[in-house]
Amino acid sequence: MTETIFPKDFLWGGATAANQIEGAYNEGGKGLSVHDVMPDGLMTPPVDAPTPDNLKLDAIKFYDNYKEDIKLFAEMGFKVLRISIGWSRIFPNGDDLEPNEEGLQFYDNVFDELAKYNIEPLVTLSHYEPPLNLAHQYDGWLNREVIGFFERYVETVAKRYKDKVKYWLTFNEVNAILSAPQNSAIFTPKEELSEGQLWQAAHHQLVASASATKIIHEINSDAQVGCMVLAMPFYPMTPNPKDVLAVRDAENNNNAFTDIHVRGEYPGYLKRKLREMGVEIEFGEGDAEMLKEHTVDFISFSYYVSLATAANPEEYDSGQGNVFAGVKNPYLKASEWGWQIDPEGLRIVLNQFWDKYQLPLFIVENGLGAKDELVEGENGELTVHDDYRIQYMSEHLVQVGEAIQDGVDVMGYTSWGPIDLVSMSTAQMSKRYGFIYVDRNDDGTGSFARYKKDSFAWYQNVIETNGESLFEK
């Protein structure tokens with residue numbers, strides 16, 4: 001029975017982002033990206049120039065070690081690897097007329113290396129790393145002109161890699177622009193931005209996403225393009241109808257971007273919200289048609305936490321997550337960074353999305369950030385005994401299996417991140433996610449050597465058995 005739970009063509013793998021793994025921030029003709037000048041993740045405002053303590057400048061040196069790392073992913077049996085293309089590697093300033101050939105060749109090399117091991121690339125076009133020049137000269141996605149720059153970039157990479165990349169994602173966690181606009185190259189302090197400005201910038205991204213979908217489909221009709229959203233279920237603190245309505249409002253706020261990507265128009269509840277805030281979004285000529293005619297082929301999402309909420313949240317203890325908090329759920333434990341752990345929430349999200357949209361779903365981020373200790377193994381090799389990570393991921397993947405049995409169409413699962421990388425939210429190395437330990441510390445010291453953790457062999461077995469090992473007694 002268990003061997004039939006996960007489809008035969010299920011895409012097992014891992015997920016990364018250029019700004020968190022590549023390093024080489026000033027090599028190969030690359031221009032500066034937004035995250036090159038954000039040394040402390042989301043915790044402090046951007047600075048004027050890169051600082052030596054920004055771990056992302058070297059990250060884990062994937063730029064130099066991609067062959068070694070891809071070989072390790074292949075050893076685990078990966079069917080797919082999610083990467084992002086560093087926009088500023090291709091167009092260093094964002095508004096350049098011609099692309100940077102050295103940057104294009106780097107990704108050619110990466111895709112060729114993946115092909116050697118029959119690993120499909122899943123490519124994010126913009127993963128929180130727009131060129132810095134777009135922030136300084138245009139204030140990022142607040143400026144409609146950036147849509148055209150993005151279209152030029154998309155057309156360039158779609159043509160270049162049309163025979164190498166089948167699966168594309170447009171914007172990473174596109175619904176996060178409202179809470180973290182600096183990731184979209186909007187360096188105006190958030191407290192100085194109006195709701196109208198934030199939603200106008202979001203609209204520009206939504207139109208750009210639809211345009212990217214159009215461009216890719218025209219270049220390669222076999223390509224599949226997905227949106228990528230931050231997903232989390234919301235639970236009411238009580239059965240009070242007011243709390244249930246608070247949950248519905250929270251879900252609507254989070255899912256509005258998915259509705260637009262899938263259905264091609266602004267949902268009624270969002271129109272009401274904008275109207276009540278006094279926000280009137282300026283649609284450019286052809287925007288409505290672009291959104292309507294170029295919807296996505298599948299929905300991808302990140303899942304880390306669920307959140308509880310109430311009509312009167314001030315009467316409850318707050319959650320402690322460094323990015324997402326909400327109201328503390330007394331039934332859930334939390335990670336070392338305060339993120340409440342909820343495997344069943346993943347099954348809930350999968351069912352909610354499937355029931356609502358009836359499009360294939362792809363879990364492209366899920367994992368546990370934890371403090372790992374490098375120790376000597378039984379055979380003298382260095383390793384990490386990360387049973388806590390194995391337990392976390394096993395419990396979540398079992399719930400994916402449950403959702404598949406519920407009838408949900410799940411394309412694949414890419415863990416975040418399969419190798420230790422620099423955390424986006426905190427810019428730390430000590431918040432480790434990988435099956436592979438990278439010898440680098442928060443103070444920048446370390447050899448960058450790679451070591452297999454216990455979870456490496458565990459995930460290798462999960463993939464080899466197509467998930468059957470998850471259900472063994």
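Can you pull out the chymotrypsin sites (Phe, Trp or Tyr not before Pro) in region 11-103 that DSSP calls coil and that have at most 11 other Cβ atoms within 10 Å?
Working: sites: 12, 25, 62, 63, 66, 73, 78, 87; in loops: 25, 78.
Passing both the DSSP loop test and the Cβ count: no residue.
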| query | Which FRET efficiency value, to the nearest 0.05, do you get for residue 116 and residue 471 by plugging their Cβ-Cβ distance into 1/(1 + (r/R0)^6) with R0 = 30 Å? | reply | 0.40
| query | Can you work out the FRET efficiency for the pair residue 47 and residue 358, with r the C-beta to C-beta distance and R0 = 30 Å, to the nearest 0.05? | reply | 0.10
| query | Just going by the charge dipole of the chain, with Lys and Arg at +1 and Asp and Glu at -1 on Cβ, which of 401, 171, 329 is farthest out on the positive end? | reply | 401
| query | How large is the dipole of region 273-345 about the Cα centre if only Lys and Arg carry +1 and Asp and Glu carry -1, each at its Cβ, rounded to the nearest 20 debye? | reply | 380
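If you take the beta carbon distance between residue 190 and residue 379 as r and set R0 to 41 Å, what does 1/(1 + (r/R0)^6) give as a FRET efficiency, to the nearest 0.05? Mind showing how you got there, number by number?
Details: r = 51 Å, r/R0 = 1.25.
Computed FRET efficiency for residue 190 and residue 379 comes out at 0.20.
What whole-number volume per residue, in cubic angstrom, does the convex hull of the C-alpha atoms of region 331-473 give?
Values: hull volume 19.2 nm³, N = 143.
Spread over its residues, the Cα hull of region 331-473 gives 134 Å³ apiece.
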| Considering the zone a paramagnetic label at residue 336 would reach in this model (a point 7 Å from Cα along the Cα-to-Cβ line), which residues of region 426-442 have amide N under 11 Å from it? | 429-433
| remark: Taking the dipole of the chain about the Cα centre (Lys, Arg +1; Asp, Glu -1; charges at Cβ), the one of 418, 111, 349 that reaches farthest to the positive side is 349
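When the dipole is taken about the Cα centre of region 136-269, and only Lys, Arg (+1) and Asp, Glu (-1) are charged at their Cβ, what size is it in debye, to the nearest 20? It would help to have the intermediate numbers written out before the result.
Numbers: 12 positive and 16 negative charges, 96 e Å.
The dipole of region 136-269 has a size of about 460 debye.
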| field | Charge dipole (the chain, unit charges on Cβ, about Cα centre) - positive-most of 66, 309, 260 | value | 260
| field | Given 56/214; 356/452; 71/371, the pairs whose alpha carbons are separated by over 28 Å | value | 56/214; 356/452
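Taking 0.36 nm per intervening residue step and subtracting the Cα-Cα distance, what contour gain separates residue 448 from residue 242 on full extension? Mind showing how you got there, number by number?
Numbers: separation 206, 0.36 × 206 = 74.16 nm, distance 5.20 nm.
Residue separation times 0.36 nm, minus the Cα-Cα distance, leaves 69.0 nm.
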| request: Please report, in debye to the nearest 20, how large the charge dipole of the chain is about its Cα centre when each Lys and Arg carries +1 at its beta carbon and each Asp and Glu carries -1 there. | output: 620
| Value of [θ]222 nm, deg cm²/dmol, for the chain, DSSP H segments ≥ 4, -39500 (n - 2.57) each, nearest 500 | -11500 deg cm²/dmol
| Does the chain come out rounded, prolate or oblate by the C-alpha gyration tensor, with a ≥ b ≥ c the root eigenvalues, rounded set by a/c under 1.5 and, if not, prolate when a/b is larger than b/c and oblate if not? | rounded
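Taking Cα pairs under 8 Å and at least six residues apart, what relative contact order does the chain come out at, in percent?
Working: 975 pairs, mean separation 84.2, N = 473.
Computed over the chain, the figure is 18 percent.
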| query | If each of residue 315 and residue 75 carries a label point 7 Å out from its Cα toward its Cβ, how far apart are those two points in nm? | reply | 5.6
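None of the figures in this text is laboratory data; all of them are computed from the coordinates on show. Given the structure is predicted, the values throughout are model-derived calculations rather than measurements. Cβ coordinates were reconstructed from backbone atoms using ideal geometry, including for glycine residues, and neighbour counts include every protein chain displayed.
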